Amino acid sequence: MTLGPAQPHPRCTFVPPFLQERLGRAGALGLDGQLRGTRPGPAPAQTATVTPGPAWVVHTAAGSTTLPGQVVRAAGEAESGDAAVDEAAVGITGSLALYAEVWGRDSFDGAGAPVVLTVHYGQDYDNAFWNGTQLVFGDGDGQVFDRFTKPVDVLGHEFTHAVTERTAGLTYEGQSGALNESMSDVAAACLKQRLRDQSPAEADWLIGEGIFLPGVQGRALRDMANPGTAYDDPKLGQDPQVGHMRDYVDTTDDNGGVHLNSGIPNKAFQLAALAVGGTSWEGAGRIWYDALIGGQVGPDADFAAFAAATVAAAGEHADAVAGAWRQVGVEPGAATTVPSSDTPAARSVRVRRTGGFAGQVAEGVVDLDSDDPRVPEAIALCDRVSLLGLTPAPPQPDRYVYEMHVRGVRARVAEQQLTEELEQLVALVLRP
């Protein structure tokens, strides 16, 4: 398949914004905002020429937000003794092997591009993402989240965002964004099951198993077999993911609920893997990958369009695949739409942060006519910022998105668009 230029990518964060919001995490937004200058434009068209070198290189940011950081380990080298570095090495090695040995793809671009990874990003940073250039992993906050390199499927998930960017280029919003997220979970599940040598019936179908620290009441961030059951914790709340079109969430949060509604195609894949038989990576996984790269899936594809592409790629298993989609309320080839709504307040500053791999939502408001001690600083910041004329940047997988209402002016701001003053204002409003 001949690939054109990569689509401008949205930053994909592993922790969904609704989880970040639930935890009231204002600290991570500053780190994410500092990446606003690292987002590349569209990549040049793929060529067959690749600079010789190791297949992957892991760096450490050593708690800073400087990318890529210092080189620690490259492909072919011995373990470093740093858990995060060596976990990243296992995950990226397995991911590259899955794509090359099973699906016939040489790295994320199909032409052997070396993979750049950075661990130990930021302080208490509870996220992981692909920024269009490299993979980045935080160490967690030490309270809820452990290292984001610990679950091997996180590596497969983020790597697959790079693959999707270079193939179908699924727009990271609405149903196409949920498909973008789901394709990453599909590959993550295939990677985990392949490394464990498990059949679809033996697998647990958990995504992000081990990401929570002891004491958190949760098995993982997502459950592909039973969307909405991965966790139920006083801090996190109950897993809000849905697994059927009758429960589809119409929202402006999280780029149109990409982490919520991805449970629908996730469940369809799990059902298809059981129906097709064999292993998930050689059976349904191959079908899903072929659909992704086959030319029938465009950037704005909805669930029905992607379902139709998987049925077309399924060959003798077409009926089984179509049946899996129908069990989650998706009829291959039929289109659906999604609405949205929200209202601003003229004498207040409101911020709602969504997105992120864990999907934690953070929300805050400062009433400028109240005796809230934050009012003087908020007014000073409002005098220095303007949302007028701000054009939303393309969303990035697993990055945060901010719905901001400043003195009656509403704007949707991608985290890479945050200026220093906007970062300060967001941090102030979201401060617990």
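Values in this text are rule-based calculations from the coordinates and carry no lab data. Everything quoted here is computed from the prediction, not taken from an experiment. With ideal geometry, Cβ positions are generated from the backbone for all residues, glycine too; neighbour counts draw on all protein chains shown.
Laid out as a table, the results:
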read-out: Dipole axis of the chain (+1 Lys, Arg; -1 Asp, Glu on Cβ), positive-most option in Gln123, Thr391, Ala320; value: Thr391
read-out: Nearest-20 debye value, the chain charge dipole, Cβ charges on Lys, Arg, Asp, Glu; value: 520 debye
read-out: Projected label distance in nm at Arg384 and Lys235, using a 7 Å step from Cα toward the beta-carbon; value: 3.2 nm
read-out: Estimated [θ] at 222 nm from DSSP helical runs (n ≥ 4, -39500 (n - 2.57)) normalised by residues in the chain, nearest 500; value: -10000 deg cm²/dmol
read-out: Val349, Val136 arranged by Cβ crowding within 10 Å, fewest neighbours leading; value: Val349, Val136
read-out: Of [x] 34, 30, 22; [y] 36, 28, 18; [z] 33, 25, 20, the label for semi-axes √(5λ) of the Cα gyration tensor in Å derived from the coordinates; value: [z]
read-out: Ranking of Glu21, Glu79, Glu421 by count of other Cβ atoms within 10 Å, fewest first; value: Glu79, Glu421, Glu21
read-out: Order of Glu377, Glu209 under a 10 Å beta carbon neighbour criterion, fewest first; value: Glu377, Glu209
read-out: Selected from Pro68, Pro397, Pro214 as most flexible by GNM, with the chain as the system and alpha-carbon contacts under 10 Å; value: Pro214
read-out: Angle between the chain longest axis and helix 152-166 axis [Cα atoms, degrees, rounded to 10]; value: 90 degrees
read-out: Between helix 83-97 and the chain: long-axis angle, C-alpha atoms, 0 to 90°, nearest 10; value: 40 degrees
read-out: Cα→Cβ-extended label distance, 7 Å offset, between Ala75 and Glu316, nm; value: 3.4 nm
read-out: Positive dipole terminus of the range 191-285, leading residue within Ala275, Thr251, Met224 (C-beta point charges); value: Ala275
